[in-house]
Amino acid sequence: MAYYIRVLSPNSDVVASSVLRKALADGGVRASISGDAEDGLWEELVVADPSGNNVCTIEHTEAEGPGREEIDEFLEEIADCQPASAAAWLAGYLLTIRSIYAIQILAGTYKNDGWTIVGTLKDALFGTAGGIMQADNEGFSNEDGYHILWQFDDDVTGDWWMAVMDNGRWRPFKMELGDHDQREAFFRGEVPTGVETVG
C-alpha cells in the first residue's frame with residue numbers, strides 16, 4: 001500500500017522545482033529531480049538518488065479542483081480523532097487549503113540517504129508553501145510543524161514533538177508515544193505531566 005507524507009498549504013502558488021533543487025544543494029544532499037518543464041512548472045516530480053534508485057515522487061494538486069475529494073476524505077477521517085479540540089481546529093483549517101503536495105515514499109527511500117532526501121524536500125515544501133503536514137498512519141501537524149492529531153497505531157513508541165490547543169494557542173511539548181498516561185493526557189487535549197515543553 002502506498003505511503004504518503006503531505007504538505008497542505010493555503011497558498012495557491014506552486015513551489016518551483018528550482019526551490020527544491022536549491023534545498024538539496026544547500027543541505028549537501030545529492031539527488032536528481034525530473035518531471036518539470038523549463039519554466040519550473042510541474043504536476044509530478046520524480047526524485048532519485050545518485051545510484052538511480054527512485055526515492056519518491058511529489059505530486060501537486062489544486063485543492064479547489066482534483067484535490068477536493070482528498071480534503072473531503074480528511075474531514076471525514078478526523079471527525080472522531082483525538083484530541084477533539086485539534087480535530088475541530090483542523091476541520092476549519094482544511095477548508096482553507098489551496099494546494100496539496102503529496103510525497104509518495106518509494107523503495108529508494110530505504111536505501112543510502114533516502115530519508116534525508118525526503119526530509120529535505122518535505123522541509124523545503126513546508127517552509128516555502130506554509131500550511132500544515134499530514135502523514136499516513138500518524139496524523140496532522142499545526143502550522144509550526146508540531147503533531148496535533150492522533151492517528152498512530154496502538155503499538156507506536158518513541159519521542160515525538162506534539163502540541164495541544166489551550167485557550168486559542170498551541171502548547172508544544174515532547175512526549176513518549178508509548179506511555180499510556182501521556183497518551184491519555186494528549187487525548188484529553190492536555191500537556192502530560194513532567195514532559196519537556198517549549199516556551
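Every number in this text was worked out from the coordinates using simple rules, so none of it is lab data. Everything quoted here is computed from the prediction, not taken from an experiment. Here Cβ is always computed from backbone atoms with ideal geometry, including for glycine, and neighbour counts include all displayed protein chains.
Annotations
- The charge dipole of region 3-151, taken about its Cα centre with unit charges on the Cβ of Lys, Arg, Asp and Glu (plus for the first two, minus for the last two), comes to roughly 560 debye.
- A DSSP coil position with no more than 15 other Cβ atoms inside 10 Å describes the following trypsin sites (Lys or Arg not before Pro) in region 1-93: Arg30.
- For region 65-169, dividing the convex hull volume of the Cα atoms by the residue count gives 127 Å³ per residue.
- R0 of 30 Å, Cβ-Cβ distance Val195-Ala88: FRET efficiency to nearest 0.05: 0.80
- For the chain, a Gaussian network of Cα nodes joined below 10 Å ranks Ala84, Ala25, Ala63 by mean-square fluctuation, and the top entry is Ala25.
- Between region 11-38 and region 68-114, the alpha-carbon center distance in angstrom: 22 Å
- Annotation: for a label point projected 7 angstrom from Cα along Cα→Cβ of Val29, residues of region 50-76 with backbone N closer than 11 Å are 56.
- Per the Debye calculation on region 149-199 with a single equal scatterer at every Cα and no solvent contribution, log₁₀ I(q)/I(0) for q = 0.14 Å⁻¹ amounts to -0.30.
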